[in-house]
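Following: one structure in structure tokens, then a few remarks.
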Amino acid sequence: MTKLPDHAHYVIIGAGIHGLSTAMHLAQGLKARGKSVGEGGTRIMVLDKTGIGAGASGIACGVVRNNYYQPAMRELMAHSVSVWERDPEAYSYHPVGYMQISPEVMHAQVGTIYEQQKAIGYESVFVEGEAESMRYMKGIFHDWQARNITSVLHEKRGGYANNMASMRGLAGKAKTLGVEIVPDVTVTGFRSGNGSTAISAVETSAGAVRCDEVVVGAGPWINSIWNMLALPKTISVKGRDGKVHEGVRMWHYMALQEGTLGVDPEYQKTNDGRMPPVIHVDTDAPLRSDRDGHLITDKLWGLYYKPDFHFGGVQGGAMPAVVTPDPDDVRVDPYGPKSPEFVVTDNFADMWTSALAFCQQRFEGQHPKYKSEPSGGIGCFTPDSFPVFDRFRENVYVIADSNHGFKMIGVGELVAAELLGEKRALLEPFRFARYAAGRLHPVSNSPFPWS
Ligand SMILES: Cc1cc2nc3c(=O)[nH]c(=O)nc-3n(C[C@H](O)[C@H](O)[C@H](O)COP(=O)(O)OP(=O)(O)OC[C@H]3O[C@@H](n4cnc5c(N)ncnc54)[C@H](O)[C@@H]3O)c2cc1C
């Protein structure tokens, strides 16, 4: 059985993108301050009930983009993209760019994203008008045919990273700096004492560890850790209408729908033979089945896709599905493709392969190549579907990304700075107090809860 030390200065729960990035940057920050990290020095322990990348980070599609309607999200993402760019090889990051291809209902909002990208120096091209958008897209893919598109935002930075390879890269860097990553240890509770709400020890399946600071990077398991910390199940939210809504559930779940078309990834190359940007299309044109022609939807819908050697085909997804049970009753384990409940269905396969064919002629009639293997996974969302990065119980730093987060590799750097006493303005718009104060992020017209 794993033997844990009696004490660690920092106990980090979860070896996903946030736990590992925080640990690595914390170790870097301590070393820069002349401190040694590891046994005999400052101990940073990352505990995971399974192992590195066992949660959402290990199954994420891996898309890295700036495209957000909320200014605070965009600035945060620009910082994270710069962290991905620091070591593309170690993080298995592919800077192919990202395209947001939109219908008229999103035109003006995407235009503001472009203006603000210019203002923060994030390189992108904005194409407006139906004919111009078609011409631009055909210049990249000769077979482009998506309809009801009136703007294209082409981000020249961003792209995607290979989920597990990125996790291994981060973990390797963290270990080299003296971080201890311990698999197969489940956090089961917390201790506090002496009349303080601060956590004095973390209880685990391998015994208790006294600690000075706790960092929670538990991804879809945040609801259970939140309950262990006795934090409120319901909160007050001052809405955009100025009214206070009482009793809003702090967490809710959604199921992410993703899959892979088993074609050669090279099949999706651009006209000039290069690997293409990640494509995200939203449209209000009716979607018909590429299989039998039936109407799938005549409401606003969207999809994203990229060729990916790691997934072995063209991989991507569509809008998430609502998970209805009370969050305390949602069975998060077994997670991801191993879940008997939260994997995608044939309906998704039909919708997504039809959406691919809607966008590019080369995908017409390709639906039999859809890989019928379990895929997808659930994410845990906050009341406004944007992250919470904040301190609770005095010494517990919660990183709850509301499922935006594989791309947010930089959040760990910002959190590490705050743990070392330096406030970071980029994190301020994501404090918990925003709900009671009504400082909510603006909502976009996108059919996705994370745009
Ligand atoms: C199918 C899918 C596709 C996605 N695609 C993208 C994408 O393309 N781009 C993007 O930016 N984001 C994407 N996301 C979202 C992104 O994956 C998550 O927001 C992010 O990975 C969360 O990282 P994390 O470190 O918070 O949690 P996780 O990666 O989930 O890590 C949490 C870890 O905590 C451990 N843990 C949980 N409870 C305990 C406990 N009690 N004791 C010890 N350990 C515990 C788990 O074992 C797990 O390893 C996707 C999500 C899903 C589900």
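Read the figures in this text as sums done on the coordinates, not as results from a lab. The model shown is predicted, which means the values in this text are computed figures rather than measured ones. Counting neighbours? That spans all protein chains shown, and the Cβs are built from the backbone with ideal geometry, glycine included.
Here is how the numbers come out for the structure above:
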read-out: Distant-in-sequence amide H partners of THR204 (H built 1.01 Å from N, under 5 Å); value: THR188, VAL209
read-out: Gain on full stretching of the segment that runs from ASN445 to SER205 - 0.36 nm per residue minus C-alpha separation; value: 81.9 nm
read-out: Segment 1-121: C-alpha gyration tensor shape, a/c 1.5 cut-off, then a/b vs b/c; value: prolate
read-out: Efficiency of FRET from Cβ geometry, THR176 and ASN271, R₀ 25 Å, rounded to 0.05; value: 0.05
read-out: Karplus-derived HN-Hα couplings along segment 5-22 (A = 6.51, B = -1.76, C = 1.60, θ = phi - 60°), whole Hz, x at Gly and Pro; value: x, 5, 9, 9, 5, 10, 10, 10, 9, x, 9, x, 4, 6, x, 6, 5, 4
read-out: Principal axes of the chain: Cα extent on each, largest first, Å; value: 68, 49, 45
read-out: Calculated from backbone phi, Karplus (6.51, -1.76, 1.60) coupling profile of segment 72-80 in Hz, x at Gly/Pro; value: 5, 5, 4, 5, 5, 5, 4, 5, 5
read-out: Using a Förster distance of 51 Å, the FRET efficiency for ASN148-ASP184 (Cβ separation, nearest 0.05); value: 0.50
read-out: Of all DSSP beta bridges in the chain, antiparallel share, percent nearest 5; value: 75
read-out: Residue order, fewest to most beta carbons within 10 Å, for GLU130, GLU75, GLU89; value: GLU89, GLU130, GLU75
read-out: Using distinct alpha-carbon pairs, which all enter the 1/r mean, Kirkwood radius of segment 269-413 in Å; value: 17.8
read-out: For PHE381, residues with placed amide H under 5 Å, excluding near neighbours; value: HIS252, TYR253, MET254
read-out: Helix-only [θ]222 nm of the chain, DSSP H runs n ≥ 4, -39500 (n - 2.57) each, per residue, nearest 500; value: -7500 deg cm²/dmol
read-out: Full-stretch length increase - GLU104, ARG393 - with 0.36 nm per residue and alpha-carbon distance subtracted; value: 99.4 nm
read-out: Of LYS118/LYS407; LYS338/LYS369; LYS175/LYS407; LYS31/LYS175; LYS118/LYS269, pairs whose Cα-Cα distance is over 24 Å; value: LYS118/LYS269
read-out: Sites VAL244 and LEU295 - FRET efficiency at Förster radius 51 Å, r taken between beta-carbons, to 0.05; value: 0.80
read-out: Karplus-derived HN-Hα couplings along segment 189-197 (A = 6.51, B = -1.76, C = 1.60, θ = phi - 60°), whole Hz, x at Gly and Pro; value: x, 9, 10, 9, x, 6, x, 9, 8
read-out: Linear extension gain, MET164 paired with ALA285, 0.36 nm per residue minus alpha-carbon span; value: 40.0 nm
read-out: 5 angstrom amide H check on ASP390, placed H, neighbours 5+ away; value: VAL398, ALA400
read-out: Centroid-to-centroid separation of segment 3-33 and segment 96-118 [C-alpha atoms, Å]; value: 37
